[in-house]
Amino acid sequence: MSLPALVLLPGMMCDARMYTSQIEALKGIAECQVGYIGGADNMADIARQVLDQAPEYFALVGLSMGGIVAMEIVRQAPERVTRLALMDTNPKAEIDEVKAARQPQIEAAQAGQLEQLVREVMVPRYFTSYKTHSQLDDLCVDMALSLGKDVFVLQSHALKNRRDQQDTLVNFNKPCLVLMGEEDELCPLDRHECMVALLPQATFVKIANAGHLPTLEQPAATNAALKQWMTQQ
């Protein structure tokens, strides 16, 4: 009997390495595939690209921007998604304050300052401050540089112009996990409580001593939550 398919969507400027521990932990439970979310400047097209590469039916995990893409996938093709995990993400459209910061970042990346931008602006908000994370910092920078400035520009536009997905969540009545690092500054508690309130079948897990990327910062606790979600009836 074949294992169920599981599609994992990484965060902005991240790749499959963001899920290394999860893929290893889930290999006896699911056939894992990491979707690519760097191929268009809008969420609708990114979601269609993921759907084109995905199995007919699949469980879906998305973290941060990956979660936003996951919600758009559910909006477009809810019948293909068997269960949904949304981690450190946001169901709402982007607020004006964040939108305003996008263009200077796009211009910096196009001017050859992507590494500086990722290392000095993005990564410091990814992890908890209780200890240094130099190894994880370097991994995040390397993932971003591997994707490059063109992907940064496309993803920035997609995030800036995304739709509100609260109506999508209300209508998705399948097993769902909402997971967050307790100290996530980028997608705080109220965004996750909003998703839990909207989803008809939601389990809420908060990961202690973790910020925006619990898959990297607290992999064991994240893996345990995903295993329970994947096996719940």
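Residues that are in a loop (DSSP other than H, G, I, E, B), surrounded by 23 or more Cβ atoms within 10 Å (Cβ to Cβ) and among the β-branched types (Val, Ile, Thr) within the range 1-38 comprise just one, Ile37. In the range 32-48, the residues that are aliphatic (A, V, I, L, M) form Cβ pairs under 6 Å with partners that are in a loop (DSSP other than H, G, I, E, B), at six or more places apart or across chains, as follows: Met43/Arg162; Ile46/Ile37; Ile46/Ala40. In the range 68-76, the count of residues that are open to solvent by 10 Å² or more (accessible area, probe 1.4 Å) and part of a loop (DSSP other than H, G, I, E, B) is zero. So the check is Cβ under 7 Å with 6+ separation or different chains; which pairs have a first residue in the range 97-126 that's open to solvent by 60 Å² or more (accessible area, probe 1.4 Å) and a second one that's not in a helix (DSSP H, G or I)? From residues that are open to solvent by 60 Å² or more (accessible area, probe 1.4 Å), the pairs are Arg125/Glu185; Arg125/Leu186; Arg125/His212. Here Leu84 clears all of (1) on the phi > 0 side of the Ramachandran plot; (2) buried (at least 19 other Cβ atoms within 10 Å of the Cβ) except the condition numbered (1). Does Gly38 satisfy the criteria of being closer than 18 Å to Arg83 by Cβ and out of contact with any strand residue (DSSP E or B) (no Cβ under 9 Å at 6 or more places or on another chain)? Against the criterion (closer than 18 Å to Arg83 by Cβ and out of contact with any strand residue (DSSP E or B) (no Cβ under 9 Å at 6 or more places or on another chain)), Gly38 does not qualify. Reported count of residues in the range 39-67, each being closer than 17 Å to Leu26 by Cβ and open to solvent by less than 40 Å² (accessible area, probe 1.4 Å), is 8.
The values are calculated or read from the model by the stated rules, or taken from the named source; none is laboratory data. All values reported here derive from a predicted model rather than from experimental measurement. Glycine also receives a Cβ, built like all others from the backbone with ideal geometry; neighbour counts cover every protein chain displayed. These area figures cover heavy atoms from the full protein model, side chains too; ligands, DNA and RNA do not enter into them. Shrake-Rupley method; radii C 1.70, N 1.55, O 1.52, S 1.80 Å.
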